[in-house]
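Nothing in this text is a laboratory measurement; each read-out follows from the coordinates by a stated rule. Since the structure is predicted, the reported quantities are computational estimates derived from the model, not experimental observations. With ideal geometry, Cβ positions are generated from the backbone for all residues, glycine too; neighbour counts draw on all protein chains shown.
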Amino acid sequence: MRDAGGIGLRCAGVVHLYRTFEGHDVVALQGVDLEIQPGERVAFLGPSGSGKSTLLALLGGIQRPSAGRIYLGDDDISRMSERHLARLRARRVATMLQGATRNLLPYTTARRNIGFSRIGVPSAELDDAPTAMELLERVGLADQADQVVSTMSGGQRQRLALACAVATQPQVLLADEPTSQLSHLDRDAVVRLLHDLNRDFGTTIVVVTHQPEVAATFPRTVTMKGGRVGSEGRDGAEYAVIGAEGVLHLPSHLTPQWPPGTLVRIEAGPRRIVISHPADDTGIPQEDVR
């Protein structure tokens, strides 16, 4: 396989609204600023409704933001024509939707699914690409090449979905819950394949997951809260992220001690902020967050 290398992603003030069946407008994302470097491996965490899957769809050009800009490398995909966006999705970005069957044709074979995933790429661009059998062997499905997808197990389908996603040698792979509803064995196999893809080819990997054990294998995690980036983890350390207008989300394990409406004292230095709250009416600080 050609070493395509990864490409960076950047969000600038991204806002996204959608309308419910009842006609109500819901703000899914509000002012997201985020940068992902080429070749990074990032896992998005957050409760249901926090905006993580919406953000993934916007990064993949499947939806357009209501406001703000999204860049893939130097290209502003939020303002790109649909024709150019379709070409970009076919060649540079691969998106795995939640649920393996949404990414596959269930009525045909594994081999033909891979062929179908390349249908939008000119044959000249695939001269040095791996064959369908090489891809299937890489994900451990060589013996299932001519098996119909509907007869496969959940783990086999998810591995096939991953093989189809990388069949075009994308520079970015976006995966929404790629290990959901899998056994521990299949989950670990899919996670290893994701990391191998980054290690071997430099592909930028962005994953949405609700499984902390999956997120823990990624060097960078981003936790979404209320449509914003609430916190980040890098190499085991947790960081709060200052958002628009100075909004700061506390780490989740501290929020029970610091509920909304808590009066806090802020002492700011050149490179340090100390936040404290009183233990009682005397105003004596109880504890500090540094």
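For SER81 and TYR107, the difference between the fully extended length at 0.36 nm per residue and the C-alpha to C-alpha distance is 6.1 nm.
The mean of 1/r over all distinct Cα pairs in region 142-273, once inverted, gives the Kirkwood hydrodynamic radius of 17.7 Å. Computed over the Cα atoms of region 103-163, the ratio of the radius of gyration to the Kirkwood radius (Rg/Rh) comes to 0.96. Note on GLN98 and PHE21: their simple-model spin labels are 1.7 nm apart, each label 7 Å out from Cα toward Cβ. Couplings 3J(HN,Hα) for region 264-270, derived from phi with the Karplus relation 6.51 cos²θ - 1.76 cosθ + 1.60 (θ = phi - 60°), are 10, 10, 10, 10, 10, x, x Hz, where x marks Gly and Pro. For ASP200 and VAL247, a Förster radius of 51 Å and the Cβ-Cβ distance give a FRET efficiency of 0.85, rounded to the nearest 0.05. From the largest down, region 1-102 spans 48, 29, 25 angstrom on the principal axes of its Cα atoms.
All alpha carbon pair distances within region 52-94 were sorted into 10 Å bins beginning at 0; the resulting P(r) in whole percents reads 29, 62, 8. In whole angstrom, the chain maps to an equivalent ellipsoid with semi-axes of 39, 21, 18, each derived as √(5λ) from the alpha carbon gyration tensor and ordered largest first.
For the pair region 48-98 / region 216-241, the C-alpha centres are spaced 21 Å from each other. In this structure the amide hydrogen of GLY73, modeled in the peptide plane, comes within under 5 Å of the amide hydrogens of GLY8, LEU9, ARG10, none closer than 5 places in sequence on its chain. Straightening the chain between SER150 and VAL264 buys 35.3 nm, computed as 0.36 nm per residue apart minus the Cα-Cα spacing. Judged by the mean number of other Cβ atoms found within 10 Å, the most tightly packed of the peptides 54-63, 127-136 leads the ranking 54-63, 127-136. Per residue, the convex hull spanned by the Cα atoms of region 124-194 amounts to 98 cubic angstrom.
Sorted on the mean count of surrounding Cβ atoms within 10 Å across their residues, most packed first, peptides 12-18, 96-102 read 96-102, 12-18.
Taken about its Cα centre, the chain carries a charge dipole of roughly 660 debye when the Cβ of each Lys and Arg holds +1 and the Cβ of each Asp and Glu holds -1. On the basis of the beta-carbon distance and an R0 of 41 Å, ASP33 and ALA142 show a calculated FRET efficiency of 0.40. Considering only THR131, HIS84, LEU34, and ranking their Cα positions along the charge dipole of the chain that arises from unit charges at the beta-carbon of Lys, Arg, Asp and Glu, the one farthest toward the positive end is HIS84. Packing here is the average count of other Cβ atoms within 10 Å per residue, and on that basis the peptides 231-239, 180-188, highest first, run 180-188, 231-239. Per-residue Karplus couplings for region 190-197, computed as 6.51 cos²θ - 1.76 cosθ + 1.60 with θ equal to phi - 60°, are listed in order as 5, 4, 4, 5, 4, 5, 4, 4 Hz, Gly and Pro entered as x. Summing Lys and Arg as +1 and Asp and Glu as -1 over all other residues whose Cβ lies under 12 Å from the Cβ of GLY60 gives a net charge of +2.
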